[in-house]
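Report on the following structure.
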Amino acid sequence: MEIKKKQEKHGERTKAILDKYAGKYAKETTGQKVYSCSVCGFEYVGDLNNEPDDYKCPVCNMPKAVFKEI
Ligand SMILES: [Fe+2]
């Protein structure tokens, strides 16, 4: 497969992930903590400390420890 076609497929997969989760997780962020997954960039709005220790990123499935407050 040509590189161009691979890149197009990657773009389609990324768009599908964003479409799937954007509405579900989009929240008003004013005054709230925001954390970013250092692996995929998913943003968690709220206090991540309220999530269980086994919380995983809903996009890339990495553990809570990879999130950084932004
Ligand atoms: Fe992630």
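The alpha carbons of the chain stretch over 44, 24, 18 Å along the principal axes, in descending order. Calculated [222 nm] ellipticity per residue, helices only, for the chain: -11500 deg cm²/dmol; basis is -39500 (n - 2.57) per DSSP H run with n ≥ 4, divided by all residues, nearest 500.
Under the rule that an exposed site lies in a DSSP loop and has at most 14 other Cβ atoms within 10 Å, name the longest stretch of the chain with no trypsin sites (Lys or Arg not before Pro) of that kind, not counting the sites themselves.
Values: sites that count: Lys27, Lys33.
Longest site-free region, per DSSP loop and neighbour criteria: 34-70.
Pairs spanning more than 32 Å between alpha-carbon atoms, out of Lys6/Lys56; Lys5/Lys33; Lys9/Lys56: Lys5/Lys33.
A short reminder: the numbers here are calculations on the coordinates, not readings from a lab. Remember, it's a predicted structure, so these values are computed and weren't measured experimentally. With ideal geometry, Cβ positions are generated from the backbone for all residues, glycine too; neighbour counts draw on all protein chains shown.
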